[in-house]
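Peer 1: Sending over a structure as structure tokens; questions will come in a sec.
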Amino acid sequence: MRRFKNIFIGVAITLVIVLMYNYYSNRNEEKDRLTAQTALIEKQVRNVSKLVVTEATYAKVYTYENTKSYGWDFYSSEKRALIISNAKVQIAYDLKKMNFQIDENAKTIRILNIPPPEIKIDPDLTYYNLDNGLTNKFEAGDFNKMKGQIKTDLRRKIKKSEIINNAQNRLLSELSQIYILTETLGWTLEYDGSKIDSNSTWETVLD
């Protein structure tokens, strides 16, 4: 009887050891898999984090006028110029400036900020019919002023143009890659406190 009791105790101890081994072994495998997923996600997000650039060219004709008055408008002198502008416009999202956090325990990636678009305008100006006034002639400062006014006008028009939509669509295409990756691996993606559960959600939270 004592022999069977010893055998029973031995089997029970062995069973407990096997169960404990399997338990901790499975936990280690889960941790290893989670670590591997985390490394993969971080690598892919950094691969997406690049410069997204949209370019366009704007051509426009401007007329510049400047009048100087003397003696309470007793005498005035006007100068004029015809300017043709061919401007190269670049809209860029530098996603290297995007900040994000990876929460391994919650299997969640949180995008903290998306950098605003950087608008670069490089106008190539050709001046025609520079008409100097008798006492109001063109100087270097006038050309800088004209260039500044043209860039301001172009910036205002660009913000209402299709190029902004095109640039945002390219941004959404890049951000969608992050969503697809997290969805494939069973992770959650969040931006600005909102859960991204579809590609269309990006459009809503970015508006």
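Peer 1: Project the alpha carbons of segment 37-206 onto their principal axes and report the range along each, largest first, in whole Å.
Peer 2: Dimensions of segment 37-206 along the principal axes of its Cα atoms: 79, 29, 24 Å.
Peer 1: To make sure I understand the rule: partners must be lysines, Cα under 16 Å from the Cα of K107, and not fewer than 8 residues away in the same chain. Which ones qualify?
Peer 2: K31, K43, K195
Peer 1: Working out 0.36 nm times the residue gap between T188 and S200, then minus their Cα-Cα distance, what length gain in nm do you get to one decimal?
Peer 2: Working: separation 12, 0.36 × 12 = 4.32 nm, distance 1.55 nm.
So the extension gain works out to 2.8 nm.
Peer 1: Could you tell me the center-to-center distance, by alpha carbons, between segment 129-150 and segment 156-186 in angstrom?
Peer 2: Spelled out, the Cα-based centre of one part sits 41 Å from the other.
Peer 1: If the cut-off is a Cα-Cα distance under 25 Å, which lysines reach K120, setting aside same-chain residues fewer than 8 apart in sequence?
Peer 2: Of all the lysines, those that pass the test against K120 - Cα under 25 Å, at least 8 places apart if same chain - are K50, K60, K88, K96, K97, K145, K147, K151, K157, K159, K160.
Peer 1: Of I119, N136, I109, which is farthest on the positive side of the dipole of segment 92-140, counting Cα position, with +1 on Lys and Arg Cβ, -1 on Asp and Glu Cβ, and the Cα centre as origin?
Peer 2: I109
Peer 1: So which GluC sites (Glu not before Pro) in segment 97-161 end up in coil per DSSP with only 14 or fewer other C-beta atoms within 10 Å? Kindly include the intermediate steps, with their values, before the conclusion.
Peer 2: On the way: sites: E104, E118, E139; in loops: E104, E139.
Passing sites in segment 97-161 are E104, E139.
No value in this document is a laboratory result; all are computed from the given coordinates. Source: prediction; values computed, not measured. In this analysis, Cβ positions are derived from the backbone assuming ideal geometry, glycine residues included, and neighbour counts consider all displayed protein chains.
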